[in-house]
Amino acid sequence: MLPPGSRMPALVQTIGWWSRPTVYVERLRARYGKRFTMRLLGQPPVVVLSDPDELREVFTAPPEVLHPGEGARLLEPIVGANSVILLDEGPHLEQRRLMLPAFHGERMQRLTGLMTELTERELDSWPVGHPVELHPRLQGLTMEIILRAVFGLDEGERLDRLRDKLTAILSFGDSPVSLLPVAQKLLSGRGRFGRFEADRKVVDDELYALMADRRADPNAADRDDVLAMLLAATHGDGTPMADEEIRDELLTALVAGHETTASSLAFAFELLARAPHVQERLAADEDGRYLEALIHEVMRLRPVLPNAEPRLVKQEITIGQTTYEPGTVLILAAALVHTDPTIYPEPKAFRPERFLDNKPGTYTWLPFGGGRRRCLGASFALLEMRLVLRAAAERFTVEATGPRETTKRRMITITPGDGARVQLTARERPVAPAEADGVLVAP
Ligand code: HEM
């Protein structure tokens, strides 16, 4: 028997789940406990889990028992059929094995110089002394970082063309209707669907040309970007990845990594703007420990993906005391675990100190999901967040310009309701020794 849950009509539950994703499930948890069933329109029964022991059982279940890939099919028109995010079992493992070295933490360190340069350039353009919405600016920055560090694009016309077309493709995906397979079949070639198909063709052609250039360049293997690693990766039988596979994984990184990182950073600023004492501790942090704790706390309190990928049950499985039949969908509610007062006392308080002496737990801190589907870009995203927050804290203090922002859903991610609106003030920068000498000798 499925866990208890609301008896409201499916339509009402769907609206609640869609429009107030975190508040709605918190209310259901208060009523029904850590596991409950929801009925959503056109969906098999959905069971929401938030007990860390049960999540561990789900994350470690064999790949043939639970299928996260099947639930992400909606993304196929953008990311392509080879995308690691859409696959399950053997094919999933194979794509993951090909991609893992490219996203390995140590490998990421080599991208520090490039990410820092792009960050500094972006921060140069942030206005001081009047209100500014940081979210759109952070979206621009995370897009640029992915195009340069993952796609391996150098500055120039190809980068400009791809930025333009990829932005159009992503905004097409923002509308839920565009991703419905029925709509795609019926409207193929017409209106915005026609434009989308044309844009996708330009993107594909540019990416295949980029790969051909790289394959022909004898020095390309020395490059630090993710594309260089994918071009060098080989399948079990020694054959290289096909251009189509690489294209799909690049697009996957963009879809999975651009909006998520931008929103996480936007929440960081939104929270910092209302916590001057945290900004002061951050400014005085020399060994990076406080910065690390701050990032963990931002991602706990505001997980931009409140749930991991839904797991579709393929074979009967018992989790905790409950047996789930094939066809059930299991939702792993990271946001609920993160606000469980038995795990995090005063869970709604923003308090980076809670992570100073406690490392995040594998099954209690879940912004990147877990198990064999854990976010491949976690090291990439964490490096980027560290660099951006450190650079911004050195330059600015951040103040709120209004009440605490609500959260809103943008397709799959949660973002600050007013776009992380803040006002920046320039910090007095410590004078570098060379400049100080210059002042001394000046007449
Ligand atoms: C703050 C930023 C990010 C957050 C919060 C985030 C979160 C997540 C989550 C929750 C999942 C699903 C995990 C699961 O179901 O267990 C995921 C999967 C994934 N993410 Fe991220 N992500 C971020 C950034 C990135 C970046 C920058 C990239 C790539 C450059 C990336 C690439 C991926 C990929 C490829 C998957 C699919 C993994 C698989 O199915 O095996 N993510 N991410």
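Give me the pairs, please: first residue somewhere in the range 355-367 and acidic (D, E), second residue anywhere and open to solvent by 40 Å² or more (accessible area, probe 1.4 Å), beta-carbon distance under 7 Å, and either six or more positions apart or on two chains.
none
Within the set of pairs 6 or more residues apart or between chains, which connect a residue that is under 14 Å from L294 (Cβ atoms) and more than 8 Å from the ligand (Cβ to nearest atom) inside the range 369-389 to a residue that is open to solvent by less than 10 Å² (accessible area, probe 1.4 Å) and not aliphatic (A, V, I, L, M) with Cβ atoms less than 8 Å apart?
Once the first residue is under 14 Å from L294 (Cβ atoms) and more than 8 Å from the ligand (Cβ to nearest atom) and sits in the range 369-389, its partners that are open to solvent by less than 10 Å² (accessible area, probe 1.4 Å) and not aliphatic (A, V, I, L, M) give L387/T119; V388/T119.
Y363: within 28 Å of P416 (Cα to Cα), in contact with a helix residue (DSSP H, G or I) (Cβ under 6 Å, 6 or more places away or on another chain) and of a type in the set (S, T, Y), yes or no?
Taking the combined requirement at face value, the residue satisfies it.
When only residues in the range 72-92 that are within 9 Å of the ligand (Cβ to nearest atom), not in a loop (DSSP other than H, G, I, E, B) and not β-branched (V, I, T) count, which is surrounded by the most Cβ atoms within 10 Å (Cβ to Cβ)?
L86
Criterion first (at pLDDT below 95 and either exposed (fewer than 12 other Cβ atoms within 10 Å of the Cβ) or of a type in the set (D, E) (or both)) does A434 satisfy it?
yes
Could you check the range 215-254 and list, in sequence order, the residues that are in contact with a Lys or Arg (Cβ under 8 Å, 6 or more places away or on another chain) and assigned to a helix (DSSP H, G or I)?
If the condition is that a residue be in contact with a Lys or Arg (Cβ under 8 Å, 6 or more places away or on another chain) and assigned to a helix (DSSP H, G or I), then A220, L227, A228, M229, L231 are the ones that fit.
Pairs under 7 Å by beta carbon, first residue without any contact (Cβ under 8 Å) to a residue 12 or more places away in the chain in the range 61-82, partner within 13 Å of the ligand (Cβ to nearest atom), six or more apart or different chains?
These pairs meet every condition: E76/L86.
If you take the residues of the range 284-330 that are farther than 24 Å from R372 by Cβ, outside any loop (DSSP other than H, G, I, E, B) and open to solvent by 50 Å² or more (accessible area, probe 1.4 Å), which of them is farthest from the ligand (Cβ to nearest atom)?
Within the range 284-330, the match that is farthest from the ligand (Cβ to nearest atom) is R289.
Report every pair of residues separated by at least 6 positions or lying on different chains whose Cβ atoms are under 8 Å apart, first residue within the range 6-26 and among the polar types (S, T, N, Q), second surrounded by fewer than 13 Cβ atoms within 10 Å (Cβ to Cβ) and modelled with pLDDT of 95 or more.
Close Cβ pairs (under 8 Å, with a partner that is surrounded by fewer than 13 Cβ atoms within 10 Å (Cβ to Cβ) and modelled with pLDDT of 95 or more) amount to S6/R31.
What's the number of the only condition in (1) under 20 Å from L301 (Cβ atoms); (2) open to solvent by 60 Å² or more (accessible area, probe 1.4 Å); (3) within 16 Å of the ligand (Cβ to nearest atom); (4) not in a loop (DSSP other than H, G, I, E, B) that I414 fails to meet?
With (1) under 20 Å from L301 (Cβ atoms); (2) open to solvent by 60 Å² or more (accessible area, probe 1.4 Å); (3) within 16 Å of the ligand (Cβ to nearest atom); (4) not in a loop (DSSP other than H, G, I, E, B) applied to I414, the lone miss is (2).
Just to verify a result, which residue in the range 29-57, among those that are assigned to a helix (DSSP H, G or I) and under 12 Å from A333 (Cα atoms), is most open to solvent (accessible area, probe 1.4 Å)?
R29
Pick from R404, R409: which is away from the ligand (no atom under 16 Å from the Cβ) and open to solvent by 10 Å² or more (accessible area, probe 1.4 Å)?
Of the residues listed, the single one that is away from the ligand (no atom under 16 Å from the Cβ) and open to solvent by 10 Å² or more (accessible area, probe 1.4 Å) is R404.
Please go through the range 130-143 and give me each residue that is out of contact with any strand residue (DSSP E or B) (no Cβ under 7 Å at 6 or more places or on another chain) and either farther than 17 Å from T260 by Cα or away from the ligand (no atom under 13 Å from the Cβ) (or both), ordered by number.
Correct list: P136, R137, G140.
The values are calculated or read from the model by the stated rules, or taken from the named source; none is laboratory data. Note that the structure is a prediction, hence the values are computed from the model and not measured. Counting neighbours? That spans all protein chains shown, and the Cβs are built from the backbone with ideal geometry, glycine included. The area values use the complete protein model at the heavy-atom level, side chains included, leaving out ligands, DNA and RNA. Shrake-Rupley method; radii C 1.70, N 1.55, O 1.52, S 1.80 Å.
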